[in-house]
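The values are calculated or read from the model by the stated rules, or taken from the named source; none is laboratory data. Keep in mind that what you see is a predicted model, and the values were worked out from it rather than measured. In this analysis, Cβ positions are derived from the backbone assuming ideal geometry, glycine residues included, and neighbour counts consider all displayed protein chains.
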Amino acid sequence: MSASLPSLRQSSRLTPSRGVFRFLDLPGEIRNKIYEMVTCDIEDPEPLDNLDTISLPVFKKNFNPNLFLTCRQIHDEAKYVMMTKNLFVEVQLSGVGRRLNNDFEFMLCLYRVPVVCIKTDIKPEDRSFDGCVARYRVSCDERRSLWERDSIDSLVVLHRHMNQFLEAIQQTQWFISTCTQIRSYHDITLQNPFVSRSAHVGGSRSQFSIQALQNKEEALLSPFSTITEGPIYISKDWSGSYLQHDNTRPPTVSSITTESVLKDLEEIIRKGRDHQLQGIYVYAEAFYKLVDYKISVLMNSLRNTTVARLFEKEGLKPEDQIIEGQIFEDQLAEIYSTICYHRAQNALADMRHLIDNGLGQHTRDACDMIHKMSSQGRAPLPFPHFIPNPERTADHIFMEAVSFRLWEEVRRGDRWSIDQALKKVELGLEMAPNHPGLKAEKYRIVRRRVESVLDLSIVWNVAHPLFADSSQFYYE
């Protein structure tokens, strides 16, 4: 007790005699640290788990707005810290594909882009958010009708998530560029977040130095270097006067080539595999389905002309173009076969997971997916001349057999399902006699058939003639 008295006396001498603690008496570094703790607490959403549905991720925001109401100096200091630590970017969408309630919103969900806030169908005069370091306008329409012809959708994203955002939006633009003749346009304006809209109608303007943001100009623009579809226009608006400076990048041509298509599909498959290995089966299926859809678009010659242009290379003879096209189609067919295989694997893992968690009654869709992918993998409709790999075909049959057996476990006593499982196993063993999975599965199926017979015999209290000949275990 006595050891603490000197410190108590010292602290009492530091306290003003009037008994009032003045926050502004603290050193500026300490005040800034407190501002950061109070106004910058934006946490990324929780990681996905295997029970999640596909939805828009939500930030955890722990702001304390009362701090801004204390006095003008604290308001300004806290706002400066908040806006230099949390760099907000406003995204405005216009033209084809802009609707957030359609494909684009799904891409935001699939790529797990955390969004701070969204406004849909905004009138031009109400479209802006305050406090953003950049405004990114993307249009998939004629540039002359870029923003004023119709209402727009607008959202705010943290700058640290712009790479995720651009990855998502480029997936939507891929379909637009591939299926239509419409081009994309990208306008990026660096802004002073301390100039509010009221400043443009005679209100007072903040006197904060924007040097901290000007020094970050290269970093602010770096995510946009990944844009590959359509021209990019860059301007600065540090003063809030909306004067456009001529700082335009050269127009870019369409990036869709055979190499870029294959690389894109491989990257999406990788994302699907990553989610599958983590047990997040809903997201894995969504990525695989995206690849399936892209291949369907590429192979639908009535719907797009991009594929035909892929092989119109200078100096390439018409007959060589046909050969190049056939090689590309064969590559797509192999990718399609791989996708069917992964989707079946993913559905089987999902089916097992549901059963293990007592949700077997919800496995019907997964079971159907396994059989659908097995059928498409053996005879893909987009590729009638494709010859499937025999080993992969045997694997598909194995997964079908397992799904039938698991479905019988859900519907106890369903003799039809267990019989179908046995038929699939025997078909697979005819193709691949040494397939270890099929051999083990046959043992499980036969054992399950015996167990079901024993269960019925106990209920009926009679001996079953099956036990007169053990060979019938396999063929009855």
Problem set entry | Given (1) surrounded by fewer than 21 Cβ atoms within 10 Å (Cβ to Cβ); (2) within 19 Å of PRO390 (Cβ to Cβ); (3) not hydroxyl-bearing (Ser, Thr, Tyr), index of the condition ARG444 fails | (2)
Problem set entry | Residue within segment 110-123 that is part of a helix (DSSP H, G or I), farther than 15 Å from ILE42 by Cβ and at pLDDT 85 or above present | yes
Exercise. Residue check: is GLY358 at pLDDT below 95, over 31 Å from the mean Cα position of the chain (by Cα) and part of a loop (DSSP other than H, G, I, E, B)?
Worked result: no
Problem set entry | Within segment 146-204, considering residues that are under 15 Å from VAL133 (Cβ atoms) and of a type in the set (Val, Ile, Thr), the one modelled with the lowest pLDDT | VAL195
Exercise. If we scan segment 320-340, do we find a residue that is surrounded by fewer than 16 Cβ atoms within 10 Å (Cβ to Cβ), modelled with pLDDT under 95, part of a helix (DSSP H, G or I) and small (Gly, Ala, Ser)?
Worked result: yes
